[in-house]
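Each remark here refers to the structure printed beneath this line.
The values are calculated or read from the model by the stated rules, or taken from the named source; none is laboratory data. Predicted model, so just to flag it, every value in this text is computed and none were measured. As a convention, Cβ positions derive from the backbone with ideal geometry for all residues, glycine included, and neighbour counts pool all protein chains shown. For the accessible areas, the whole protein counts, side chains as well, though only heavy atoms, and no ligand, DNA or RNA atoms are used. Shrake-Rupley method; radii C 1.70, N 1.55, O 1.52, S 1.80 Å.
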There are 2 protein chains.
Amino acid sequence: MAGTPPPQTIPEATVARLPIYLRSLQEFAADENATISSGRLAELAGVNAAKVRKDLSYFGSYGTRGVGYDVRQLVVEIRRELGLTHDWPTAIVGMGNLGRALANYAGFSERGFSIAALLDTSDDKVGTVMGGTKVSHLDDMEGLVERHSISIGIIATPAIAAQDVAERMVGAGIESILNFAPTVISVPEGILVRKVDLAVELQILSFYQERRATDAGSAAG
Amino acid sequence: MAGTPPPQTIPEATVARLPIYLRSLQEFAADENATISSGRLAELAGVNAAKVRKDLSYFGSYGTRGVGYDVRQLVVEIRRELGLTHDWPTAIVGMGNLGRALANYAGFSERGFSIAALLDTSDDKVGTVMGGTKVSHLDDMEGLVERHSISIGIIATPAIAAQDVAERMVGAGIESILNFAPTVISVPEGILVRKVDLAVELQILSFYQERRATDAGSAAG
């Protein structure tokens with residue numbers, strides 16, 4: 001392992017870009033012998049080329065001058081870094097519209113996140129099958145987490161239920177939580193939480209749209 | 001306007017962090033007279049304090065040494081930058097589980113993105129009411145976009161329909177598109193597209209979870 005930088009040194013922003021690079025590479029070429037320049041990868045991923053080279057250098061990927069990166073090798077390396085070389089069984093709690101959408105979202109299982117448990121508290125939902133998986137009662141979470149070695153929990157409940165569900169997930173042994181509920185949850189130290197806010201992307205769009213409108217107004221005025 | 005830097009100089013990464021700052025500020029305090037230090041805001045937003053100060057300085061917000069930023073004023077400034085001082089009528093195309101979840105997502109309307117049109121092609125869905133809005137046929141998009149001044153379109157269709165829907169949106173006069181379909185869409189120059197990939201956040205979680213597992217293994221070994 002000599003010469004390998006310690007894992008702690010990888011900036012969070014780099015980690016956040018790795019899935020984007022992976023997706024870009026997979027969209028770029030089905031051809032297994034393809035190479036890609038940092039410039040092209042940067043364009044596909046929406047960053048600049050220097051950033052791509054810097055990000056990939058953390059993992060010892062430097063490409064070949066004038067040729068670029070071997071796409072297949074880079075995909076393997078990024079997948080390894082992201083822990084995608086094995087399956088991650090996940091549990092989704094809250095089988096409303098969003099939970100159902102997530103249960104049916106092909107992008108999860110394709111990328112190594114299998115749905116091992118769907119959970120809800122409503123009698124209308126428990127026992128029904130969604131996306132090929134039977135919905136269990138939230139009270140059965142502990143047993144399911146143990147049986148399926150679930151380490152990632154996805155919260156798709158209304159805001160009011162999210163904190164309670166998070167605590168039950170942690171109690172059941174789940175160490176990473178993806179929170180779609182529009183609220184902040186508190187968890188003990190050592191538990192990873194990421195919050196997905198579906199309105200953030202709309203706000204980024206409105207920033208640019210607003211400026212475009214303003215610029216057009218100035219030009220016309 | 002003398003002294004205001006031109007809009008073009010704001011880095012994309014800064015723009016992407018503005019909605020996070022806004023959400024953090026709104027979660028931080030209902031108290032209208034509150035102040036917040038760059039360190040505290042950084043902690044809430046998950047970045048470092050120097051980055052917060054730099055980001056906010058693009059908008060002429062420097063805070064007061066030893067006091068911090070006036071929360072209310074900062075919220076107003078960020079909302080103005082993001083174009084959230086007026087309503088953005090949006091159209092959602094594709095009323096499957098995800099479309100329905102988005103139509104019912106309170107976080108959109110709360111933050112200025114009203115749903116002006118829901119569209120689908122299925123006879124089962126057209127005419128039904130979702131999240132308080134009647135679903136119209138995709139063929140009626142042009143008229144609805146004009147009548148409601150819709151400038152943002154949200155694609156929640158299966159991958160196979162996304163490109164066609166994007167072209168119809170552009171044809172109807174929509175200039176910004178948020179694409180949830182798991183595919184890349186091509187649009188004419190001048191049209192903004194952002195892609196939301198629900199699996200990206202899971203991959204970031206698995207990166208850290210994988211490292212934790214590896215570190216624990218090393219420590220145990």
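Scanning region A:63-77 for residues that are exposed (fewer than 15 other Cβ atoms within 10 Å of the Cβ) and either of a type in the set (A, V, I, L, M, F, W, C) or touching a residue at least 60 places away in the same chain (Cβ under 8 Å) (or both) yields A:Val67, A:Val76. Can we say B:His137 is surrounded by fewer than 20 Cβ atoms within 10 Å (Cβ to Cβ), within 16 Å of the chain's Cα centre (by Cα) and not charged (D, E, K, R)? Considered against the rule, which asks whether it is surrounded by fewer than 20 Cβ atoms within 10 Å (Cβ to Cβ), within 16 Å of the chain's Cα centre (by Cα) and not charged (D, E, K, R), B:His137 comes out as no.
Of all residues in region B:103-115, those satisfying the criterion of being in a helix (DSSP H, G or I) and either on the phi > 0 side of the Ramachandran plot or open to solvent by less than 20 Å² (accessible area, probe 1.4 Å) (or both) are B:Ala103, B:Gly107, B:Phe108. For B:Arg100, the test of being in contact (Cβ under 8 Å) with a residue 24 or more places away in the chain, open to solvent by 40 Å² or more (accessible area, probe 1.4 Å) and either within 14 Å of chain A (Cβ to nearest Cβ) or under 17 Å from B:Leu178 (Cβ atoms) (or both) is passed.
Report yes if A:Gly171 is under 18 Å from the mean Cα position of the chain (by Cα) and closer than 30 Å to B:Gln26 by Cα, otherwise no. No; evaluated as a whole, the condition is false for this residue. Inspection of region B:148-170 identifies at least one residue that is among the aliphatic types (A, V, I, L, M) and out of contact with any strand residue (DSSP E or B) (no Cβ under 9 Å at 6 or more places or on another chain). Quick one: which helices (runs of 4 or more DSSP H) sit completely within region B:116-221 and have at least 1 residues that are under 30 Å from A:Ile152 (Cα atoms), in contact (Cβ under 8 Å) with a residue 12 or more places away in the chain and within 14 Å of chain A (Cβ to nearest Cβ)? Because the criterion is at least 1 residues that are under 30 Å from A:Ile152 (Cα atoms), in contact (Cβ under 8 Å) with a residue 12 or more places away in the chain and within 14 Å of chain A (Cβ to nearest Cβ), the helices (runs of 4 or more DSSP H) in region B:116-221 that meet it are B:159-172, B:198-220. Scanning region A:83-128 for residues that are aromatic (Phe, Trp, Tyr) and under 19 Å from B:Asn104 (Cα atoms) returns a single hit, A:Tyr105. Could you grab me the full set of residues in region B:150-171 that are open to solvent by 10 Å² or more (accessible area, probe 1.4 Å) and not aliphatic (A, V, I, L, M)? Once the filter is applied, which keeps residues that are open to solvent by 10 Å² or more (accessible area, probe 1.4 Å) and not aliphatic (A, V, I, L, M), region B:150-171 yields B:Ser151, B:Thr157, B:Pro158, B:Gln163, B:Asp164, B:Glu167, B:Arg168, B:Gly171.
The lone criterion from (1) modelled with pLDDT of 95 or more; (2) touching a strand residue (DSSP E or B) at 6+ places or on another chain (Cβ under 6 Å) left unmet by B:Ala181 is number (1). If only residues of region A:32-62 that are in a loop (DSSP other than H, G, I, E, B) and within 14 Å of chain B (Cβ to nearest Cβ) are counted, the one that is most open to solvent (accessible area, probe 1.4 Å) is A:Asn48.
In this structure, does B:Thr121 turn out to be in the same structural domain as B:Phe108 (by TED's automatic domain parsing), open to solvent by 30 Å² or more (accessible area, probe 1.4 Å), hydroxyl-bearing (Ser, Thr, Tyr) and at pLDDT 95 or above? Against the criterion (in the same structural domain as B:Phe108 (by TED's automatic domain parsing), open to solvent by 30 Å² or more (accessible area, probe 1.4 Å), hydroxyl-bearing (Ser, Thr, Tyr) and at pLDDT 95 or above), B:Thr121 qualifies.
Are there any pairs with C-beta distances below 7 angstrom linking a residue in region A:1-24 that is among the polar types (S, T, N, Q) to a residue that is at pLDDT 80 or above, with the two at least 6 apart or on different chains, and if so which? Every condition considered, the pairs that remain are A:Thr14/A:Asp55; A:Thr14/A:Tyr58; A:Ser24/A:Leu41; A:Ser24/A:Leu44; A:Ser24/A:Ala45. Across region A:85-102, the number of residues qualifying as out of contact with any strand residue (DSSP E or B) (no Cβ under 9 Å at 6 or more places or on another chain) and part of a loop (DSSP other than H, G, I, E, B) comes to 2.
Within region B:53-104, the set of residues being in contact with a Pro (Cβ under 8 Å, 6 or more places away or on another chain) and at pLDDT below 90 comprises B:Tyr58, B:Leu82.
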